[in-house]
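Below: one structure, written as structure tokens.
The values are calculated or read from the model by the stated rules, or taken from the named source; none is laboratory data. All figures in this text were calculated on a predicted structure; none of them were measured in a lab. As a convention, Cβ positions derive from the backbone with ideal geometry for all residues, glycine included, and neighbour counts pool all protein chains shown. The protein model used for the area step is the full one, side chains on, heavy atoms only, and it has no ligands, DNA or RNA in it. Shrake-Rupley method; radii C 1.70, N 1.55, O 1.52, S 1.80 Å.
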Amino acid sequence: MLNTIKNEGIVAVIRAKDHDEAKGYINACLNGGIKAVELTYSIPDVVELINELMDNEKLILGVGSVLNGKMAEDAILAGATYVVSPGYNKEVNEVCKRLDTLYLPGCMTVSEIMNAIENGNKMVKLFPGDVFGPKYVKAIKAPIPQAEIMPTGGVSIDNIDKWFEMGVSCVGVGSSLFNAGSLKDIEKLAKEFVEKIKDVRSK
């Protein structure tokens, strides 16, 4: 799963008021070429939505905003194939290990990243990414080159190339994608994200 997400290069972080809105966003992402989606716990009854979507072979389905072990376990058993949290949580880490599921803990400081790696996690979510910006990734990877980093927060179509140039493994995008306007606008922007990642990776 780690390699799958890295190959995709982008995870759409979906917050929505209900399942219909979430499904609209998911379809716009798929039509735009983004297959990896992180359905956050801010979506009402998100576990039921994950269960409903788990058989969609086009999707790489994950869960986000996971704060404790029960949230992680419920989502994994419903069909989530990776778990993302805003910070590192030991309980979530243990559940993901037990259920053989990729865990992407949120980290901000070098110490947090070291702790996450020491506890068996190869990739971390740099959150909130906009606090430090792309250059922070380069600074982290100098002493910890093995750190796989996915920034979330502050990644936009205007700076995505800079993030990859500084060494990220993939990016998470939320409001910068879903505030684009209509579903057609979101689909169009999703395509731009995918193309820009292909372009910067080909250099």
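Ignoring lysines fewer than eight residues from K188 along the same chain, the ones with Cα atoms less than 26 angstrom from its Cα are K6, K17, K23, K35, K58, K125, K162, K196, K198, K203.
Per DSSP H run of n ≥ 4, the term is -39500 (n - 2.57); total these for the chain, divide by its residue number, and report the mean residue ellipticity at 222 nm rounded to 500 deg cm²/dmol.
On the way: 10 runs with 94 residues, N = 203.
Value at 222 nm, helices only: -13500 deg cm²/dmol.
Remark: the L99-D55 segment gains 14.0 nm on full extension, using 0.36 nm per residue and subtracting the alpha carbon distance. Go ahead and run the numbers for FRET between K203 and L77, Cβ-Cβ distance against an R0 of 41 Å, rounding to 0.05. My answer for the efficiency is 0.50. Restricting the stretch 100-180 to chymotrypsin sites (Phe, Trp or Tyr not before Pro) that sit in a DSSP loop and have at most 16 other Cβ atoms within 10 Å of their own Cβ leaves F132.
With the full set of protein chains in place, find how many percent of the accessible area of the stretch 23-159 is carbon and sulfur; take the probe as 1.4 Å. Accessible surface attributable to carbon and sulfur in the stretch 23-159 totals 52 percent. Using a probe of 1.4 angstrom and keeping all protein chains present, the accessible surface of the stretch 62-138 works out to 46 square angstrom per residue. Compared with the alpha-carbon gap, the fully stretched path from K141 to K6 is longer by 47.0 nm at 0.36 nm per residue.
Across the cross-link table entries K135/K191; K97/K191; K70/K141, which are compared at the Cα atoms, the separations over 30 Å belong to K97/K191; K70/K141.
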